[in-house]
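All of the numbers you see were taken from the coordinates with simple rules; none came from a lab. Bear in mind that the values here come from a model prediction, so they are computed numbers and not experimental data. We place every Cβ from the backbone using ideal geometry, glycine too, and count neighbours over all the protein chains shown.
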């Protein structure tokens with residue numbers, strides 16, 4: 001999860017991603033951020049996130065995103 005937190009903090013260093021529970025609904029992440037995260041996750045974890053998995057539920061929190069990464073490994 002450390003790599004993921006580093007990716008997210010690189011986008012928005014002012015956000016506490018461990019406690020923020022609604023990154024999409026709260027307006028923290030936008031569509032450009034999601035595209036960046038998808039590319040960075042592929043590079044950092046070697047996990048390609050398929051288009052059908054790019055839904056708000058999977059990007060709602062760092063924990064949800066990490067669960068997606070773990071599931072796709």
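Angle between the Cα long axis of helix 31-45 and the longest principal axis of the chain, 0 to 90 degrees, nearest 10?
50 degrees
Starting from the 7 Å offset along Cα-to-Cβ, what nm value, one decimal, do you get for the label separation of residue 52 and residue 22?
Modelled inter-label distance: 2.8 nm.
Please compute the length gained on full extension between residue 33 and residue 72, using 0.36 nm multiplied by the number of residues separating them and subtracting their Cα-Cα distance.
12.0 nm
Relative contact order of the chain, please, whole-number percent, based on alpha carbon pairs below 8 angstrom and at least 6 residues apart.
The normalised contact order for the chain reaches 37 percent.
What nm distance separates the two modelled labels at residue 44 and residue 9, each placed 7 Å from Cα along Cα→Cβ?
Each label point is offset 7 Å from its Cα along the Cβ direction, giving 1.0 nm.
Give the shape of the stretch 20-73 as rounded, prolate or oblate, defined through the alpha-carbon gyration tensor: a ≥ b ≥ c are the square roots of its eigenvalues, a/c under 1.5 means rounded, and otherwise the shape is prolate if a/b is larger than b/c and oblate if not.
Because a/c hits 1.5 or more and a/b exceeds b/c, the stretch 20-73 counts as prolate.
Between rounded, prolate and oblate, where does the stretch 1-44 land on the alpha carbon gyration tensor, with a ≥ b ≥ c its root eigenvalues, rounded for a/c under 1.5, else prolate if a/b exceeds b/c?
The shape class here is oblate.
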